[in-house]
Amino acid sequence: MVFNTGAALLDAIVLAVVSHEDVGTYGYKITQEVRQVIDLSESTLYPVLRRLQKYGFLDVYDRECGGRNRRYYRITSSGVVQLNNYKRDWKEYAGKINGIFEGGAAYE
């Protein structure tokens, strides 16, 4: 994709992916799902996950898988609130951009 993905949009995408699983999900799976829409490396993802955890939007826990611990990320109630804010803002922003692309007013 030719468009740059800013930090806020990346946070929103990661929160959305994590929110799909009530029990949470692990980093590699998050990376694979995000890669379906944008190019993302694991080295980019983990700082995002740490930031979201620091802000209280994600809980982190370890779970045994194949004899090893796997780190899981689960959205918190404040993460759900933040995700809903991102969704609202995205709809407004996308509507304005679509208005420009389609030749109408950007603020319709």
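Only four residue types carry charge here, +1 at the Cβ of Lys and Arg and -1 at the Cβ of Asp and Glu. Report the dipole size of the chain about the Cα centre in Debye, rounded to the nearest 20.
Magnitude of the dipole: close to 340 debye.
For Tyr26, put the label point 7 Å out on the Cα→Cβ axis and report which residues of region 69-106 keep their amide N under 13 Å from it.
Flagged as within label range: 69-73.
Out of the GluC sites (Glu not before Pro) in region 33-104, which ones are loop residues according to DSSP with at most 14 other C-beta atoms within 10 Å?
Counting only loop positions with at most 14 other Cβ atoms within 10 Å, the GluC sites (Glu not before Pro) in region 33-104 are Glu102.
DSSP loop trypsin sites (Lys or Arg not before Pro) in region 1-86 with at most 13 other Cβ atoms within 10 Å of their Cβ, which ones?
Hits after loop and neighbour filter: Arg35.
What are the ³J(HN,Hα) couplings of region 23-35, residue after residue, when phi is run through the Karplus curve with 6.51, -1.76, 1.60 and θ = phi - 60°? Round to Hz, x for glycine and proline.
After applying 6.51 cos²θ - 1.76 cosθ + 1.60, I find 8, x, 8, 9, x, 4, 5, 4, 4, 5, 5, 5, 5 Hz.
Taking 7 Å along the Cα-to-C-beta vector as the label spot, tell me the Arg35-Asp59 distance in nanometres, rounded to one decimal.
About 2.9 nm, to one decimal.
Starting from the 7 Å offset along Cα-to-Cβ, what nm value, one decimal, do you get for the label separation of Glu102 and Thr44?
So the two model labels end up 2.9 nm from each other.
On a 0 to 90 degree scale, rounded to 10, what angle separates helix 7-19 from the longest Cα axis of the chain?
For 7-19 against the chain, the angle is about 60 degrees.
Extension gain Arg51-Asn69, at 0.36 nm per residue separation less the Cα-Cα distance, in nm?
4.3 nm
Any chance you could list P(r) for region 7-78, counting all Cα-Cα pairs in 5 angstrom bins from zero, rounded to whole %?
Histogram of Cα-Cα distances, whole percents per bin: 3, 17, 31, 26, 15, 5, 1, 0.
Counting only C-alpha contacts under 8 Å and six or more residues apart, can you give the relative contact order of region 7-78 as a whole percent?
Relative CO of region 7-78 lands at 35 percent.
Since every read-out is calculated from the coordinates, none of them should be taken as a lab result. Because the structure is predicted, anything quoted here is derived from the model rather than measured. Please note: Cβ atoms are built from the backbone with ideal geometry, for glycine as well, and neighbour counts cover all protein chains shown.
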